[in-house]
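The values are calculated or read from the model by the stated rules, or taken from the named source; none is laboratory data. Nothing here was measured: the structure is a model prediction, and the numbers come from that model. When we count neighbours, we look across all protein chains shown, and the Cβ atoms used for this are built from the backbone with ideal geometry, even at glycine. With ligands, DNA and RNA removed, areas are computed over all heavy atoms of the protein, side chains included. Shrake-Rupley method; radii C 1.70, N 1.55, O 1.52, S 1.80 Å.
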Amino acid sequence: MSASTYRVAVVTGASSGIGKETAKALAARGFRVIAIGRDPGRSAAAETEIRAASSGGGVDIIQADLALMAQAARAAKDIAARTDRVDVLINNAGGMSKSRVMTSEGFEENFAGNHLGPFLLTNRLLPLLRRAAANTPPGSVRVINTSSDASEMIKGLPWDDLQMRENFTPGAAYCNSKLANVLFARGLAKRLAGDGIIAHAMHPGTVDTNFISHASERTQAYIRTLQTQSPAEGADTLIWLATAEEPGKSSGGYFYQRKPRTPNPVVDDAAYVERLWEESEKLIANSGV
């Protein structure tokens, strides 16, 4: 495998919504884009759009459901087989379910798809991120997590029941996973500071996409009462965090509309951040991948 000529961006959840808009924007900026999508039909359609937007960096599509650790691990291997570097990783894939679903690997689907899969994918891609950072200015290589203001709506994580086997509610499960996204970005920022790699999380706002289609009827009805943005508008901060100069000067932040936003108070607790990292590693180790 020869060295990459282009800067490489990996975008998860790229088959629709803000992920697709982000992939198109990065492709237009000259990145080689490796897009990950779950649905074969949507992924194929998105590939056509992303290729049309590309300024020559190339486009690859990988099909994977990040709620399954085996598929997240396979996606990381597929990426490593296609490129020797990753300059930008956009952990955007996510969802909300209307009932408690346990995956075939024994994980609660919200927490698995929104946090554990991206956690595993990111850690498996660290060698490629570090390789890109070795020959670029500090702050050029970035990991961006799409979170939500749902991360701000709970006091903290249920450490004794992260899989919510006892007290599942769809809203709480989603909030837990979105808080995990912000905590993960903060923990990643600390670990990668010496490599010159930055990590941030962001809240995209309420976006008019098919994201809520699997949520409960009550949640869908509530979200429809809110003022929504187009996918392109929702992707704006994500693209800015990935490419602009200013976000490369700090790390571990939480943003909304291109501005720093105050995260859930537990994000500033270093021990809390570290505990999520340790618990996540244990859960993944138990999956056997």
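Stretched out straight at 0.36 nm per residue, the stretch from Ala81 to Asp268 would grow longer than its current Cα-Cα span by 63.6 nm. Split the chain at each of the GluC sites (Glu not before Pro) in a DSSP loop with at most 12 other beta carbon atoms within 10 Å, and the longest piece is 1-165. Residues in region 242-254 carry Karplus couplings, in order, of 7, 10, 6, 5, 4, x, x, 8, 9, 7, x, x, 9 Hz; the curve used is 6.51 cos²θ - 1.76 cosθ + 1.60 with θ = phi - 60°, and Gly or Pro positions show x. Once the C-beta distance of Ala70 and Ala193 is scaled by a Förster radius of 30 Å, the resulting FRET efficiency is 0.45 to the nearest 0.05.
Our helix-only sum for the chain, with -39,500 (n - 2.57) per DSSP H run of n ≥ 4 divided by its residues, gives a mean residue ellipticity at 222 nm of -13500 deg cm²/dmol. Across region 142-150, rounded Karplus estimates of 3J(HN,Hα) from the backbone phi angles (6.51 cos²θ - 1.76 cosθ + 1.60, θ = phi - 60°) give 9, 10, 10, 9, 7, 10, 6, 5, 4 Hz, Gly and Pro being marked x. Measuring nothing but how far apart in sequence close Cα pairs (under 8 Å, 6+ apart) lie, relative to its length, the chain scores a relative contact order of 18 percent.
Distance from the Cα centroid of region 1-72 to that of region 131-163 is 20 Å (rounded to whole angstrom).
A cut-off under 15 angstrom between Cβ atoms defines the neighbours of Met102, and their net charge, with Lys, Arg +1 and Asp, Glu -1, is -3. At a 1.4 Å probe, what is the % contribution of carbon and sulfur to the accessible area of the chain? Looking at the chain in its full context, I get 49 percent from C and S. Shape of the chain from its Cα gyration tensor (a ≥ b ≥ c, root eigenvalues): rounded if a/c is under 1.5, otherwise prolate when a/b > b/c, or oblate? It is rounded, given that a/c, with a ≥ b ≥ c, falls under 1.5.
Beta-bridge orientation, region 1-122: approximately 5 percent antiparallel, per DSSP, counting only bridges with both partners inside.
Using a cutoff of 8 angstrom between alpha carbon atoms and counting only pairs six or more residues apart, the relative contact order for region 1-152 works out to 24 percent.
Using C-alpha pairs under 8 Å with a sequence gap of at least 6, the mean separation divided by the residue count of region 52-124 gives a relative contact order of 42 percent.
Counting only heavy atoms of protein chains, what accessible area per residue, in Å², does the chain have with a probe of 1.4 Å?
43 Å²
How big, in percent, is the set of alpha carbon pairs in region 5-141 lying more than 22 Å apart? Percentage above 22 Å: 34. Build a GNM of the chain with springs between Cα atoms under 10 Å apart, and of Ser55, Ser177, Ser104 the one that fluctuates most is Ser104.
Which pairs in the list Lys24/Lys259; Lys98/Lys259; Lys24/Lys282; Lys20/Lys77 are over 30 Å apart, alpha-carbon to alpha-carbon? Over 30 Å apart, Cα to Cα: Lys98/Lys259; Lys24/Lys282. Between Met153 and Ser104, the simple label model (points 7 Å from Cα in the Cβ direction) yields a spacing of 3.2 nm.
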